[in-house]
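Let me begin by presenting the structure, written as structure tokens, before commenting on it.
Laboratory data are not the source of any read-out in this text; all were calculated from the coordinates shown. Since this is a predicted model, take the numbers as computed values, not measurements. FYI the Cβ positions are ideal-geometry reconstructions off the backbone, even for glycines, and counts take in every protein chain you see.
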Amino acid sequence: MSGQKIFSILLGLPLNIINFIKEEIIVSGLVMMIIAIVVLGGAYLIYGRYLANLWGIDENAKTPAYELEDGVDYVPADTNVVFGHQFASIAGAGPINGPIQAAVFGWVPVLLWILIGGVFFGAVQDFASMYASVKNKGRTIGYIIELYIGKIGKKLFMIFTWLFSILVIAAFADVVCNTFNGFNVSEAGEVTNNLAGGQVAMTSVIFIIAAVGLGVFLRRSKLNKWINTAIAVVILVACIALGLLFPVYMSTGTWHIIVFIYIAVASIAPVWILLQPRDYLNSYLLVAMIVAAVLGIIVANPTMELAAFNGFTVNGQTLFPYLFVTIACGAVSGFHSLVSSGTASKQIKNEKNMLPVSFGAMLMESMLAVIALIAVGAVAVGGVIPDMTQPQIFAEGVAGFLVKIGVPADISRTLITLSVSAFALTSLDSVARIGRLAFEEFFIDAGTDEENLGPVAKVCTNKYFSTIATLAVAFALAKVGYQNIWPLFGSANQLLSALALIACAVFFKKTNRQGWMLWIPMIIMLIVTLSMLGITIYTKSMGVFTATTQNMGGDILQLAFAIALFILGIIVSLSGLKALTEKVNSAKA
């Protein structure tokens, strides 16, 4: 029996049940929202707390943020501040683009995977990654791999992380700069000001300036977190108001230079002066957008104009594995493990904060993915998705919801565009730092004497050199066209998830902790990723070797990257699975 047939049988029962329900009642956005709130809220209260109790949370333990506090990367912060950083960093464009793209298969499989994947795959991965990092002095997943699997696996993982970071930087910088674009060009060549772009750009610039001031204030003041929250909200509203009143108009090319200068500074500046307060401010904008969208859906109660299920093959793509690679961040994302272990774990001031910061932030992102699904269902016509970009579809749908609660349509679209831009820009802050740290960590092993490094290692571990090396490649990729390898982002992201789950599973086993809940997600993500990469290798090989492809250079590049990712996945996975089968008798970390 083929894998496709087995998958069809497994998915058939819930599909039949929900199709039966759809025949009895009109499926609305409100019904879907209620289901999502019950499932995700219940998962946090029941499953999340269960995992925290099972793994063990020591509220009296000295966290790495205090133990290794350096005022740059290791900086203890309140729960709401770290949550803001985590959520703003992981909630890039993925939970918006993915569900809308995958909706061609119908809303049922998309909703099922967002809820099931978000709870049992994504939230577990994020929590486990942060937990393993905090228990290992705030080190990254790469360090976990080296310590519990081996140095070769770690080296390969750090190369992959660095290359992945470069791709994300190039793509997200392009997204941000396009939302900042201050000019429209008509078919006749007439240039006019783009008001929405100018307003979004100005608001974002003011955000950054205000974030620095807020960072200094939070660092020096000892006010209650609720007072800090009130201050942050006032600053947020003021920034938006000023941005709407005083738009700034510059070209995309100019913004490319400015944005890369900004992320260069952001990747080396102390987290308390820019990363923490900026993400803290943006998290309120993003959460406010989600809350407003939920209220709008409750009032509007939009009807889903999409089919429940369009079949296992749509437009030549099979539901497995395309659905699971496409939805990505809304259900599970390997990038989250880099944020959880690369930056957020170094800011946790108490172990009990890990549950809301990691598990909670992932469930919030799944809620955003459900909103994106409802949005595309609301704007679809006769089951057909509009011929617009995913952010445009999202903005159109959510703006329609906000109008129902009294927000003018033009302001709604500007605010939603600002939110989408904020998603991408805050992810840029973090991924630039993660890329820089991955570059440095490649040259340092667990037992390396960092005080007596060789000349090459000393240069490569310098934060200024590693930042320039990372961003120079990303800038060049953004200019020459990252689009040729962007189709592999989903596969790379999900491979990263599988490797992170393997690393965490090995950590839990070798420290005598219960890690059984990681095994099924780990195996499924490996199957999904290797299947997708296998399909890519086959299709691109046929196109290249038969000379039938229309983009020979791009397809050769994709083929080379796909083969490299496949080999990387096999090597690291086999090393991890070997470590999982070894008999160990270690004490807890």
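What to note about this one:
- The chain, helix-only ellipticity at 222 nm - DSSP H runs n ≥ 4, -39,500 (n - 2.57), divided by all residues, nearest 500: -23000 deg cm²/dmol
- Partner aspartates and glutamates whose Cα lies under 18 Å from the Cα of Lys151, excluding those fewer than 8 positions away in the same chain, are identified as Glu440, Glu441, Asp445, Asp449, Glu450, Glu582.
- The order of the peptides 380-390, 127-137, 533-543 by mean Cβ neighbours within 10 Å, most packed first, is 127-137, 533-543, 380-390.
- Gyration tensor verdict on segment 36-124 (Cα atoms; rounded if a/c is under 1.5, prolate if a/b is larger than b/c, oblate otherwise): oblate
- For Val314, the amide hydrogen comes within under 5 Å of the amide hydrogens of Leu319, counting only partners 5 or more places away or on other chains and with H modelled in the peptide plane.
- Neighbour-count ranking [beta-carbon atoms within 10 angstrom, fewest first] of Trp255, Trp486: Trp486, Trp255
- Taking the C-alpha atoms of segment 192-286, convex hull volume expressed per residue in Å³: 86
- Geometric descriptor of the chain, per residue, is 160 Å³ (volume of the convex hull of the Cα atoms).
- Distance between segment 320-390 and segment 423-443 - C-alpha centres, whole angstrom: 19
- Cα-based shape type of segment 359-469, given that a ≥ b ≥ c are square roots of the gyration tensor eigenvalues and the cut on a/c is 1.5: prolate
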